[in-house]
Amino acid sequence: MKKLLLLALTGALIVPALPGAAQTPTPTPTPTATATADPGLPVPGATATPTATPTATATPDLSQATATPTLTYAGRGLTRSLGISLAGNPLAFGVTTSRTANAATADCDGVACATGAAAVEPFGETATATSPGNPGPNEVEAFNLGADTDPQFEQLLTASVGSASAQTSDQPSSAGVANGSTIDITLTQTVINQLPPELTDGLNEGLAQIGDALSPIAEGDPTGIVGGVTDTLEGLIGDLGSGPLMRIQIGESASSSEFADASVEARAQAAGAIITVLPTPDSTPLLPEGLAVIEVTPSIASASADGTNRATAAAEASVARITLLPGVLDGIPDLDPGALEDLPLGDIIDMLPPEVVGLLPAPILDVLGAGGDPSAEPTTTESETEGEAGPLDPILGGFMQADEDSGGFVIDLSTGSDQVCILEGTPLETCVLVGGTSENFTDDGLGVGVLAAGVDVSALRADGVAQLELAVGRSEAGVAAAFVTPAPPTTP
């Protein structure tokens with residue numbers, strides 16, 4: 001049976017400088033997240049580090065100075081829904097920024113600035129807005145990445161890229177929005193030419209082994225998912241560029257910042273993603289089908305400051321769910337999909353052909369004693385009493401569960417989880433690592449930067465090195481506020 005989406009596609013650590021005010025140095029935290037420092041063109045998988053505190057360029061007008069303190073403030077929000085590094089080529093999608101301040105800064109020549117880009121340059125376009133001067137709303141239209149786009153990327157991937165917008169006001173307030181996109185990674189000859197021989201030399205053989213393992217089950221799978229996967233594999237073996245190896249769908253991302261009710265606030269929400277490994281021809285955005293589906297939730301960061309009380313921050317990092325081999329359990333003749341919840345996981349695995357067991361993650365194979373060898377007979381976990389959990393089932397179930405909705409296996413990953421790799425030893429080996437959140441306060445506590453990191457996904461791996469890296473769902477928010485009493489002008 002087909003699985004309804006668990007996650008809806010909805011859609012920095014930065015403490016902004018206070019215009020005209022002396023800045024307390026921002027300490028560098030030890031982040032718990034894995035993400036990239038630059039929301040523009042990142043290299044996924046780098047350890048998160050704070051973006052440098054901007055240098056203030058605006059100075060208060062002291063000619064009318066009085067003893068009355070003046071509130072200076074700045075707020076900033078940023079998102080990057082998806083960073084891609086493919087054979088060393090960096091790309092970014094779903095990038096937005098929003099900035100507000102009481103005066104112009106080095107980063108914004110007004111009191112509010114915003115940007116939105118569903119795909120950034122060199123092949124995308126960014127909507128910009130500034131107050132005063134060009135408040136918008138300003139938009140860039142959706143487009144398809146194809147032959148009329150930058151030749152550097154047209155043969156690396158294809159994409160349907162959403163629209164984007166930016167809007168500001170003199171309040172001040174700012175908002176950037178980037179709508180969703182769908183990106184297909186295909187093994188065109190251009191891509192293959194940039195991959196190492198250790199990976200490309202065994203591609204056809206490795207894909208054929210996966211197809212051979214699944215073919216006996218495809219005939220008995222009423223959902224047609226396994227048959228769609230084997231058909232896709234057969235096509236790729238004849239022509240590696242005949243279809244996408246991976247499809248990535250991201251939703252809407254948005255950031256905003258505003259000054260209201262004597263406080264400055266910033267918020268950012270980077271879209272989640274649905275990543276389908278080897279999508280079938282019947283795969284759709286609402287019903288993704290493939291060899292595996294990785295669902296990533298959105299990340300959210302927000303911060304607020306008023307110059308008097310300690311600044312506040314909140315963050316929610318992305319989590320992930322991997323659905324592996326959907327439809328496989330529906331194709332086992334002696335297995336009733338409606339009874340999966342009542343069967344120990346070890347008993348379910350015992351019903352699978354050894355070749356299919358060999359496609360399960362290494363931790364499962366280690367527990368079963370199969371050691372990753374598809375020809376090895378797994379150690380049985382069947383209980384003496386039917387339906388009663390065997391001694392290995394708590395270990396197996398703590399890592400992976402059989403899923404009635406998808407007819408496959410699910411693995412849930414949250415902050416603090418170890419990296420999980422699926423389809424190890426095959427050309428489609430894919431590893432997933434969940435990030436976390438971190439906060440960074442100024443010494444006086446009146447400013448804060450917060451990071452909600454996303455999920456790193458790596459694929460096309462050879463000798464432990466990934467040629468395709470994805471960084472999904474990074475959100476950052478930062479605010480600072482302080483009351484400053486201008487010194488009187490010096491009398492000549």
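The values are calculated or read from the model by the stated rules, or taken from the named source; none is laboratory data. Computed from a predicted structure; not experimentally measured. Methodologically, a virtual Cβ is constructed for each residue, glycine included, from the backbone with ideal geometry; neighbour enumeration extends over all protein chains shown.
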Residue in the stretch 75-134 that is farthest from L451 (Cα to Cα), counting only those that are small (G, A, S) and outside any strand (DSSP E or B): G133
Filter the stretch 69-104 for residues that are polar (S, T, N, Q) and surrounded by fewer than 21 Cβ atoms within 10 Å (Cβ to Cβ); the one that is farthest from Q467 (Cα to Cα) is T70
Residues (among the charged types (D, E, K, R) and either over 16 Å from L325 (Cα atoms) or surrounded by 18 or more Cβ atoms within 10 Å (Cβ to Cβ) (or both)) located in the stretch 213-244: D221, E234, D239
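Listed here are the residues, each with its yes/no results for (1) part of a loop (DSSP other than H, G, I, E, B); (2) surrounded by 19 or more Cβ atoms within 10 Å (Cβ to Cβ); (3) at pLDDT below 90; (4) within 33 Å of the chain's Cα centre (by Cα).
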residue: L352; (1), (2), (3), (4): yes, yes, no, yes
residue: D366; (1), (2), (3), (4): no, no, yes, yes
residue: T379; (1), (2), (3), (4): yes, no, yes, no
residue: E382; (1), (2), (3), (4): yes, no, yes, no
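Only one of D150, D107 is buried (at least 17 other Cβ atoms within 10 Å of the Cβ) and modelled with pLDDT under 95; which? Please lay out each step first, then the result.
Numbers: D150 fails: buried (at least 17 other Cβ atoms within 10 Å of the Cβ).
After ruling out the rest, the residue left standing is D107.
Which residue out of A129, A114, A119 is modelled with pLDDT under 95 and either touching a Phe, Trp or Tyr at 6+ places or on another chain (Cβ under 6 Å) or among the aliphatic types (A, V, I, L, M) (or both)? Steps first, please.
On the way: A129 fails: modelled with pLDDT under 95; A114 fails: modelled with pLDDT under 95.
After applying the criteria, what remains is A119.
Give the residue, chosen from I250, I210, that is at negative phi, over 23 Å from the mean Cα position of the chain (by Cα), crowded, with 19+ Cβ neighbours inside 10 Å and not basic (K, R). Steps first, answer last, please.
Values: I250 fails: over 23 Å from the mean Cα position of the chain (by Cα).
One residue alone meets the criteria, I210.
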Unique match (being at pLDDT below 90, within 20 Å of T182 (Cβ to Cβ) and among the small types (G, A, S)) among G243, G220: G243
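Of the residues T323, T284, which is in contact with an Asp or Glu (Cβ under 9 Å, 6 or more places away or on another chain) and under 30 Å from G243 (Cβ atoms)? Explain how you work it out, then say what you get.
Details: T284 fails: in contact with an Asp or Glu (Cβ under 9 Å, 6 or more places away or on another chain).
Result of the check over T323, T284: T323.
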Only residues that are over 20 Å from the mean Cα position of the chain (by Cα) and either charged (D, E, K, R) or modelled with pLDDT of 95 or more (or both): list them for the stretch 450-481, please. D463, G478, V479, A480, A481
Which listed residue is at negative phi and touching a Lys or Arg at 6+ places or on another chain (Cβ under 8 Å), from T182, T158: T182
Test set (1) touching a Leu at 6+ places or on another chain (Cβ under 6 Å); (2) at pLDDT 90 or above; (3) hydrophobic (A, V, I, L, M, F, W, C) - L396 fails condition number: (2)
